[in-house]
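The structure appears right after this line, and notes come after that.
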Amino acid sequence: MSGPRRQESRDAITVEISYAVASGCAVAALLFLVVASPALFLDLGRGAESALFTCATLLAAAGFIMRAVTLLIRLRRAQDASADPR
């Protein structure tokens, strides 16, 4: 009887990981657009555009990592709490 339960658990973990990645991508895209939008819509110099795109890329990467890691840590804590029958 533990077979289907374990498959159910693996499926839940897969869904949570997929959500963490998709959510991280959405946060990264939003951060990139917010920071890079002046370079996209205004006539800035080449140096300013380059700096904005660099900052936007770095901030987007950091936002993705923070969102994905936060969700995966929350998943791990929830699993530990459900496995501990106190």
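The values are calculated or read from the model by the stated rules, or taken from the named source; none is laboratory data. Keep in mind that this is a model prediction, so the values were computed, not measured. Backbone-built Cβ (ideal geometry, glycine too); neighbour counts: all protein chains shown. Surface areas here come from the heavy atoms of the whole protein model, side chains and all, with no ligands, DNA or RNA. Shrake-Rupley method; radii C 1.70, N 1.55, O 1.52, S 1.80 Å.
Points worth noting:
- Residue in region 45-53 that is closer than 30 Å to residue 79 by Cα and either touching a His at 6+ places or on another chain (Cβ under 7 Å) or open to solvent by less than 70 Å² (accessible area, probe 1.4 Å) (or both) present: no
- Residue list for region 38-62, filter: of a type in the set (Gly, Ala, Ser) and part of a helix (DSSP H, G or I): 39, 47, 48, 50, 51, 56, 60, 61, 62
- Close Cβ contacts (under 6 Å, 6 or more residues apart or on different chains) running from residues in region 67-83 that are hydrophobic (A, V, I, L, M, F, W, C) to residues that are assigned to a helix (DSSP H, G or I) and surrounded by 12 or more Cβ atoms within 10 Å (Cβ to Cβ) comprise 68/20; 68/24; 71/20; 72/20; 75/16.
- Cβ pairs under 7 Å, 6+ apart, first in region 17-41 and over 27 Å from residue 74 (Cα atoms), second acidic (Asp, Glu) and surrounded by 12 or more Cβ atoms within 10 Å (Cβ to Cβ): 39/49
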